[in-house]
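One structure is given below, encoded as structure tokens.
Every number here is computed from the coordinates shown, using simple stated rules; none is lab data. Computed from a predicted structure; not experimentally measured. Cβ atoms come from the backbone with ideal geometry, glycine included; neighbour counts cover every protein chain shown.
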Amino acid sequence: MPQSNQEIIQPFLDYLKFQKRYSQHTIISYENDLISFFDFIELQFGSMPLADINSSFVRSWLASLKEGKMTSKSINRKISALKSFFKYQLKNGLLQASPMGAIISPKISKRLPQFVAENDMHDLFAYMEFPDTWDGRTDKLLLQLLYNTGMRRAELVGLKESQIDKGNTSIKVLGKGNKERVLPVSNELINSILEYMAAKRTLFEQFDPAVVLISKKGRQLDPKQVYIVVKKYLSQVTTIDKKSPHVLRHSFATHLMNNGADLNAVKELLGHSSLAATQIYTHNTIEKLKDIYKKAHPKA
């Protein structure tokens, strides 16, 4: 009896989870991409052994995605998922050759990451009225944490009380691949976190005691809710297109670079595995220098 698509995919997903230690979010993305691919193959060409899938079938799938107006960035992610999947099959001796060798990823036009201007971030915390409710209190702290530390949304949602180091005024963050990094923070932010944690114990009879941030129902925050909160408040201080938690991470990094921070230090604070991912923030710094030059130099 031939294996189902899920049976073919599952050992690879287990490998990503238990050996590569990928995040649940990444594993779900890989799973969705692979299911989409195998569903397309079955629908267009019928059921076939894994070894019969060649580069022509892969190109047909990619062409259908392009026709559906999918961006090059999204297509590249799907190509990456397929490459990893077939590489795993080769490694385990289940295939003699990968159909991905002849597949070329589409070029992506380099876009500079969007960020909120420093004065707009200052206005957000200096003049914004946050409601005097548990939601208002949580909204303000989550915005402070995202901007002051540059942590990812998943890192914020999963942030545990045990990761708050009052003595060293720092926060330990568990990032991608379970890599831990230490983020220095201000006394002001540490005090805000401690006050929030104390208030939880006063106002709630039942709540999740592990995580720092909780909803008004006492439960860990929903990642979607974090996005909604960030969009709501950023909409009141900036006109940039994107208003997401990741934009606050971009803002954190860009403001550090604009104020003279060392690239390697920013890399460590962001938890990037290589400098290449961090170097994009130098482009924003160069743009700022060009702007200053145009405004200040008489021959500009």
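Tabulated results
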| read-out | value |
| --- | --- |
| Taking N as its residue count, the alpha carbon Rg of segment 68-173 over 2.2 N^0.38 Å | 1.70 |
| Most fluctuating residue given options LYS91, LYS179, LYS160, as computed from a GNM of the chain linking Cα atoms under 10 Å | LYS91 |
| Residues with amide H under 5 Å from that of LYS160, placed H, sequence gap 5 or more | VAL212 |
| Extended-chain gain in nm, criterion 0.36 nm per residue less alpha-carbon gap, GLU180 and GLU67 | 36.6 nm |
| Principal-axis tilt of helix 24-45 within the chain, Cα atoms, nearest 10 degrees | 30 |
| Percentage of interatomic Cα-Cα distances in segment 118-296 larger than 30 Å | 19 |
| Acute angle (nearest 10 degrees) that the helix 5-18 long axis makes with the longest principal axis of the chain, alpha-carbon atoms | 40 |
| Too-long pairs where the Cα-Cα distance tops 27 Å, listed order kept, from LYS179/LYS216; LYS179/LYS217; LYS20/LYS78; LYS17/LYS200; LYS17/LYS224; LYS160/LYS267 | LYS179/LYS216; LYS179/LYS217; LYS17/LYS200 |
| Length released on extending from ASP123 to GLN236, taking residue separation times 0.36 nm less the Cα-Cα span | 39.7 nm |
| Mean Cα-pair separation over length for the chain, i.e. relative contact order, pairs under 8 Å, 6 or more apart, % | 17 |
| Value of relative contact order over segment 192-257, rounded to a whole percent, pairs C-alpha under 8 Å and six or more apart | 17 |
| Share of pairwise Cα separations in segment 5-91, more than 15 Å, in percent | 59 |
| Two-site FRET efficiency, ASN92 against ARG201, from Cβ-Cβ distance with R₀ of 41 Å, rounded to 0.05 | 0.25 |
